[in-house]
1. Under the classification rounded if a/c is under 1.5, otherwise prolate if a/b is larger than b/c and oblate if not, where does the protein assembly as shown fall, given a ≥ b ≥ c as square roots of the Cα gyration tensor eigenvalues?
2. Per-residue HN-Hα couplings for the range B:110-124, Karplus 6.51 cos²θ - 1.76 cosθ + 1.60 at θ = phi - 60°, whole Hz, x for Gly and Pro?
3. Taking a cut-off of 20 Å between Cα atoms, list the aspartates and glutamates near B:Lys200, but don't count ones fewer than 8 places away on the same chain.
4. In percent, how large is the relative contact order of chain A, given Cα pairs closer than 8 Å and 6 or more residues apart?
5. Which ³J(HN,Hα) values, rounded to whole Hz and listed in residue order, are derived for the range A:193-209 from phi using the Karplus coefficients 6.51, -1.76 and 1.60 in 6.51 cos²θ - 1.76 cosθ + 1.60 with θ = phi - 60°, glycine and proline given as x?
6. Give me a single rounded figure for A:51-59: the average over its residues of other chain Cβ atoms within 10 Å of their Cβ.
7. Rounded to the nearest 10 degrees, what's the angle between the helix A:66-76 long axis and the longest principal axis of chain A, both from Cα atoms, 0 to 90?
8. Considering amide H positions built from the backbone, and no H for Pro or chain starts, which residues 5 or more places from B:Phe30, or on another chain, come under 5 Å of its amide H?
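The values are calculated or read from the model by the stated rules, or taken from the named source; none is laboratory data. Being a predicted model, the structure only gives us computed values, none of them experimental. As a convention, Cβ positions derive from the backbone with ideal geometry for all residues, glycine included, and neighbour counts pool all protein chains shown. Just so you know, the surface numbers come from the protein's heavy atoms only, side chains and all, with ligands and any DNA or RNA stripped out. Shrake-Rupley method; radii C 1.70, N 1.55, O 1.52, S 1.80 Å.
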Protein chains: 2
Amino acid sequence: MTSKAEFVYFDGRGRGEIVRLALAAAGIEFTEKHLVTREQFLALEPDLLYNQVPLLRIDGLNLVQSSSTVRYLARKANLLGDKEPDIVRIDMVYEGSRDLMGGVFMGIGFQYDETKLVDRLHIVNKYLTVFDKLLKDNHSTGYFVGNSLTLADIGVLEPILASIDYFGKEVLNDYPEVLKYYNTVISLERIANYISAIRKPPNSPEYVSNVKKVLAF
Amino acid sequence: MTSKAEFVYFDGRGRGEIVRLALAAAGIEFTEKHLVTREQFLALEPDLLYNQVPLLRIDGLNLVQSSSTVRYLARKANLLGDKEPDIVRIDMVYEGSRDLMGGVFMGIGFQYDETKLVDRLHIVNKYLTVFDKLLKDNHSTGYFVGNSLTLADIGVLEPILASIDYFGKEVLNDYPEVLKYYNTVISLERIANYISAIRKPPNSPEYVSNVKKVLAF
């Protein structure tokens, strides 16, 4: 059973970016197939449980639902914690990071305009306050649980990187623990490689237009 | 370490109902504390990671994020599967059930009117089609994965019960595998007990009004 995987999605962030990040963090090599026509998407349907992408082909499986896919990868790489309450803490932080993504960054260019993102900065700050406290409570190790990378760190990194993209790095100024976490995590070789070589840029109008064409909405 | 738990939420379904169902399915006894005043909610804040309920006090932990809480309970009761690909299949079905809840039933009385639910029946049918196929592919055992209850079955039961509440049992008529699953699962003693003694009724205007008062929105 090889770990070489094929990731099928659009050439942008959306619901696929967290899967790319988890693949990188788990040290799993993968290729990407980008959907650019409606026909490509329709041809894929038999492999899509809910008729949705991203799709990850790995270990002979067709994985959908980005959080299920991410947990699968995290299990392979032992990033889910090995005992309670670490396991549930990692899960709660990860789920919070999904709420932050959904409440602020998902849908940019689709449901709302990125120039209006500043209206959602208070939501970012609410979560940064929580994250700062959690990191401090974890003895300021630079990680959310224990003293090495887990799915909690992976989940939070996505909205942190997006916050820096859209609001500038000063968004972290009032959150020293988050800043320490950020500097710790981006220094890891796999994460540094993700940021420099794998991560997609923010949505462009062309990207949004392509997704709408492929999904026919 | 006792498994007696305290569940803190409103006296209604919302994001709490799946936790009640998981508690029942895991065979864990619990009491409920219902929030009826703003002051009660404010007093709870130190125990709420993201300032959100439901909260489950169990094993000395304060669990939030309903899906994290449900997975914690499912781990305790061995309902997450014991090997791949069962584990990831259970997770993907569970996540699909959350999308169905979010796309159709969450927010009734809050963001939209239950009389307009029929506009969303096509979403229910889309998922019922997927579920029917999955159940057939699992050798028509009446369960989603293997031949006993898992988190997949628990997750799907919530929107199935809600669909029957709002659309009538005939909503399952074209989905024989889902009907078999439904009859199988509701016959289990713990699930039968959940339905008869634990499950909350649909949202009333008074319930919605109370939630808005407590959360100040």
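1. Verdict is rounded for the protein assembly as shown.
2. Those phi angles translate into 9, 8, 8, 8, 5, 5, 9, 4, 4, 5, 9, 4, 5, 5, 4 Hz.
3. Hits, sequence-local ones excluded: B:Glu6, B:Asp11, B:Glu17, B:Glu29, B:Glu32, B:Asp113, B:Glu114, B:Asp153, B:Glu158, B:Asp165, B:Glu189.
4. Computed value for chain A: 28 percent relative contact order.
5. Running phi through 6.51 cos²θ - 1.76 cosθ + 1.60 with θ = phi - 60° gives 5, 4, 5, 7, 10, 10, 4, 7, x, x, 4, 9, x, 5, 4, 4, 4 Hz.
6. Mean number of neighbouring Cβ atoms from other chains: 1.
7. 70 degrees
8. Those qualifying (amide H under 5 Å, at least 5 residues apart or on another chain) are B:Ala5.
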